[in-house]
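To start, the structure under review is shown below, and the notes come after it.
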Amino acid sequence: MNKKKVIKKWINHIVTSLLVLLLIGVAALVVSNKISGGEPTIFGYQLKTVLSGSMEPGIKTGSIIAVKTGGDMTRFKEGDVITFMEEDEKLITHRITEVLKNENQVMYKTKGDNNNTEDINPVLAQNVVAEYRGLTIPYLGYFADFASSKNGTIILMIVPGVLIFLYSIFSLWRTISKIDISNKTKDAIEETKTN
């Protein structure tokens, strides 16, 4: 085989592998979202999408953050970043500015790094969902939100499959064309020999 054929063969394998990995990755993301109720978990970390700029510049709007769930929710100290549930079932990730302890409970005063004032209500320790440990992937949250929507799920499941199908047709067409050229060449050689 010459070098061009070897290179084309490797490119063919790489493209096919990437398309299959894309399809498997999207399928895994969708299945993970559905099984966990929209909260994918990887190695004990939940992935959350940041929807506001209250923690900028450290955590940008549209980022995905990994938060560690579980454990004693009264363990946090000033400066820790926690994710907590507000009364309206909304998740917020802010920094603890003060720990308030009394005989019965622990509460945290919190503030977004980009906000001018502390949050109005202290957070009860039992409302803390997780701790942010510093892992942020900028702008991936926009894609994750789209992927978890009904239209996004449909598109992201169909598009890689269609791409693999089209690529398979293209590869099949190329192979058939090569066989046709080879057969025509053989026929021409045989015809030349008989004349």
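The values are calculated or read from the model by the stated rules, or taken from the named source; none is laboratory data. Since we're looking at a predicted model, the values are computed, not measured. As a convention, Cβ positions derive from the backbone with ideal geometry for all residues, glycine included, and neighbour counts pool all protein chains shown. Calculation scope for accessible area: heavy atoms of the full protein, side chains included, ligands and nucleic acids excluded. Shrake-Rupley method; radii C 1.70, N 1.55, O 1.52, S 1.80 Å.
So which strands (runs of 3 or more DSSP E) stay within segment 52-154 end to end and still have 3 or more residues that are without any contact (Cβ under 8 Å) to a residue 60 or more places away in the chain?
Once the strands (runs of 3 or more DSSP E) in segment 52-154 are filtered for at least 3 residues that are without any contact (Cβ under 8 Å) to a residue 60 or more places away in the chain, what remains is 81-85, 91-101, 106-111.
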Thr110: passes all of (1) of a type in the set (Ser, Thr, Tyr); (2) closer than 25 Å to Asp145 by Cβ; (3) open to solvent by 30 Å² or more (accessible area, probe 1.4 Å) but (3)
Take the conditions among the small types (Gly, Ala, Ser), at pLDDT below 85 and in a loop (DSSP other than H, G, I, E, B) and apply them to Gly37. Does it pass? yes
Answer yes if at least one residue in segment 101-123 is under 26 Å from the mean Cα position of the chain (by Cα) and under 14 Å from Lys48 (Cβ atoms), and no otherwise. no
